[in-house]
Amino acid sequence: MKDKIHLLVIAPYKGMDEIIHELISVRDDVTADCYVANLNDAPAVLRQLNLFDYDAVLSRGGTVSLIDSLVSLPVYDIGLSALDALRAIRLAQNFGQKIAVIGFENITRTSAVLSEILQYNFPIVTIHSEDEALPRLMELKEQGYSVVVCDVISSQIAPKLGMNAVLITSGYETVESMLNQAIRLTRRYLRNRQEFSHLTLSFQNNPHACTILDSQGHKVLSSLEGNDPHRILPYIAEHQKDFLQEDSPHFEHPFHGGILSFALQHRYLQNQQYHYLYTRFRERPETRKISAIRQLSGSREQKPDFSYYNSSHYQTSTQDQIEKYSHTLYPVIISGETGTGKDQAAYFIYGKSPYHSSICYEIDCETATDKNWSYLMTHHDSPLMHNKHTLYFRHVESLPAATFHQLVSTIRDTGLAQRNRLIFSFVSGTDARQSGAYMAELTKIMHCLTLRIPSLRERADDIPYLCTLYINRLNASLGKQIVSFDPRALKAMKTFLWESNLDQFQRIIHELMVVTTGIYISYENTMRQLHKESALWTFAEKTGFQFNLEQPLSHITYDIIRQVLREENDNHSQTARRLGISRSTLWRILKSHDGDG
């Protein structure tokens, strides 16, 4: 049997990666290593790989030209078909807004032919580098175009300009055809390859990060490139001369609250000396770790999803309000039902605020214990003692009155709102009287800005828009080419109650797309999913617990709470949320019956 061909696949989006995995899995003449990377990220992927392990590279669009300029391997363009472009254009038309096509030549050439045949009347803009994407998109926006059919680079930039981007994905048939062709061409192209440089092998085959310096101390290669969250490389560049003068091959330096451990080796290759600096970062044990307090960074890998606010009906209200609030340092109160995106709004405000480069401390008032609050309000290293940070207090309505007033006193007495950016969130519908009193008091002492996130029921007219938005996004990640809902299914989505709002909506859309095999989500699948969802939200009529209705109301209430506590495994927060009361109310009822038996 012939040796297997080993391909390197750099797919611009996850869906293409999954299609290639499926095609490769049924073949015995080829293996592949697949990475999801766009034009900007592809060079970093290449730098971390031993390219002599591969026989060819597969990618798409402008990334192909870039990779071809960086490697000596044959590079093949997966491309796209006229049918792929047609599906994307058809999906874009569902937005009901002005459409334009923008992308590298492989995108626009196919779209131009399609436009001529079907007599479409929209602009087609060709870009030749990633730097051209932003100015050309800005021109299109100024001309009134709010939806673009595009490649990966433009699809990442367009949302930042408030434009909707529909990525043209390569269909299964297109990818299969190009994969077969690439295997045939690579089989002819194969020849004996030179052994790879010991320099690259040295840092790739070691469990610790390795930076290779030449005899003058200049960096040659580093496995840290493209994956250096602690910014070790700049530190090495600053101290490289000192490292080369170390007497011991093993040494340590304090670094960002942790320890950098180094091991230094010297080797010769073709009469040239090289220095191999192996590096390992160890964090010092944290002196205080509290589950109710989470640290967020402006450079978090997982960015929050703000597409919920990109509504044709709410662009000038909720989204615009969030955008304007983010550029100030005034305290903000965010309220709304469960699942409406209060956390996402808070992260957005933090991410664009003047303090975005500092830490955001997320404090969960629902789970914080009395001991946690004692630490927060009295300890010298508490986040409340720091300056120029963002403090996000979640579920403030769940605080007992005494704790809330202690927090208010701390804010007032320490000038917390003047030293930091404060954000508070409240869940609507739980102990409305207490929540209203809390919000009024915060607003009184700090002149808070207020932001109410509307429920999905209040924006039923946006359901078609949001369906298209999430279909477009999930097509790329699931490798699908779904165009829309069946009209009857879309009507059912508009009239559903959406008890958990965006969280529930996104989950149902995802499940429907997973089970859909065609280009339309059917009425039958939609109704089946919505009926199943309704059943999950229906409170059981029979719990198996017999209540004594001959006793006082307070005792009946106590019995009901005890039963729900059992069903929630004694979780007080879940029980309070299910009963529609605050944790403090739940605690008072339980406390009042202690000792009654």
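The values are calculated or read from the model by the stated rules, or taken from the named source; none is laboratory data. What you see is a predicted model, and the numbers here were worked out from it, not measured in a lab. Every residue, glycine among them, receives a Cβ derived from its backbone with ideal geometry; neighbour counts consider all protein chains shown. Protein only, heavy atoms only, side chains kept; ligands, DNA and RNA dropped before computing areas. Shrake-Rupley method; radii C 1.70, N 1.55, O 1.52, S 1.80 Å.
Can you work out ³J(HN,Hα) from phi for every residue in the stretch 491-506, in order, using Karplus 6.51 cos²θ - 1.76 cosθ + 1.60 and θ = phi - 60°, giving whole Hz and x for Gly and Pro?
Coupling constants for the stretch 491-506: 5, 5, 5, 5, 9, 5, 7, 6, 4, 10, 6, 4, 4, 5, 4, 5 Hz.
Compute the signed sum of charges (Lys and Arg +1, Asp and Glu -1) over the other residues within less than 12 Å, Cβ to Cβ, of residue 328.
+2
Cα atoms only: what Rg and Dmax, in Å, come out for the stretch 395-545?
According to the Cα coordinates of the stretch 395-545, Rg and Dmax are 21.2, 62 Å.
Put a dot 7 Å past each Cα toward the Cβ at residue 120 and residue 385; how far apart are the dots in nm?
Using points 7 Å along Cα→Cβ, the separation is 6.1 nm.
Given a cut-off of 23 Å, name the pairs among 14/160; 141/324; 444/591; 160/491; 342/371; 491/532 whose C-alpha atoms lie farther apart than that in the structure shown.
Listed pairs above 23 Å: 444/591; 160/491; 342/371.
Take each of the peptides 391-400, 73-82, average the number of other beta-carbon atoms within 10 Å over its residues, and list them starting from the highest.
My ranking of the peptides, most packed first, is 391-400, 73-82.
In what sequence, highest mean first, do 338-344, 180-186 appear when ranked by Cβ atoms within 10 angstrom?
338-344, 180-186
Let me have the relative contact order for the stretch 344-421, percent, based on Cα pairs under 8 Å that are six or more residues apart.
Once normalised by length, the contact order is 35 percent.
Taking K and R as +1 and D and E as -1, what net charge do the other residues with C-beta under 14 Å from the C-beta of residue 419 add up to?
Neighbour charge sum, excluding residue 419 itself: +2.
How large is the translational diffusion coefficient of the stretch 457-517 in µm² per second when you combine the Kirkwood radius over alpha carbon pairs with Stokes-Einstein at 37 °C and 0.692 mPa s? List each step's numbers first, then the result.
Working: Rh = 11.8 Å.
The calculation lands on 277 µm²/s.
Protein chains only, probe 1.4 Å: how do 585, 450 rank by accessible area, largest first?
450, 585
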